[in-house]
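To start, the structure itself, in structure tokens.
The values are calculated or read from the model by the stated rules, or taken from the named source; none is laboratory data. Here the structure is a predicted model, which means the values were calculated and not measured. Counting neighbours? That spans all protein chains shown, and the Cβs are built from the backbone with ideal geometry, glycine included.
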Amino acid sequence: MENDIDKQTNSSIRAAVTTYEGLLINQHLGMADQLWIFEINEEGSRMIERRRTPPVGTGDERWQELSGILHDCSVLLTGGIGERPLEVLSAKGIKVYEAEGMIEDAFLAIAKGKELRMPHRKAGGCRRAGSAFNSDGCG
């Protein structure tokens with residue numbers, strides 16, 4: 001895996017995280033009403049802000065708008081993501097990591113250019129037709 005930090009000229013990247021409390025990657029993107037934005041560099045990371053996500057129920061428009069909100073982020077860490085938001089965000093150059101666990105552990109792996117060795121559950125609802133959410137990726 002290529003070191004994501006080396007891609008930036010200032011040796012840092014911005015990462016968005018779906019988290020309830022700022023310590024764990026523990027929220028599905030479709031359920032997140034905000035994303036925590038971190039700056040990561042070789043010395044560590046720091047939380048710089050929180051950004052609201054677009055309203056639920058707008059389908060593809062939600063994911064297009066979210067890609068604009070994340071214009072300066074090259075990474076998204078999330079506990080779960082539907083197929084359509086994954087496609088939209090990936091097409092905009094945002095590398096999506098689906099994982100669960102400590103945010104700092106994920107950042108350390110990313111900074112060192114290593115694969116994330118973090119568990120994640122396979123999506124059950126959002127990627128299936130007939131789920132409680134629409135088929136456009138939980139949102």
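So, Ser90, is that one surrounded by fewer than 16 Cβ atoms within 10 Å (Cβ to Cβ), under 20 Å from Gln34 (Cα atoms) and touching a strand residue (DSSP E or B) at 6+ places or on another chain (Cβ under 8 Å) or not? The answer is yes for Ser90.
Exactly one residue out of Gly59, Gly79 is closer than 14 Å to Gly30 by Cα, touching a helix residue (DSSP H, G or I) at 6+ places or on another chain (Cβ under 9 Å) and crowded, with 17+ Cβ neighbours inside 10 Å, and it is Gly79. Filtering the stretch 110-139 to residues that are modelled with pLDDT of 60 or more and in a loop (DSSP other than H, G, I, E, B) leaves Lys112, Gly113, Lys114, Glu115, Leu116, Arg117, Met118, Pro119, His120, Arg121.
Could you list, in sequence order, the residues of the stretch 41-52 that are out of contact with any Lys or Arg (no Cβ under 8 Å at 6 or more places or on another chain) and either within 19 Å of Ile110 (Cα to Cα) or not basic (Lys, Arg) (or both)? Scanning the stretch 41-52 gives Asn41, Glu42, Glu43, Gly44, Ser45, Arg46, Met47, Glu49.
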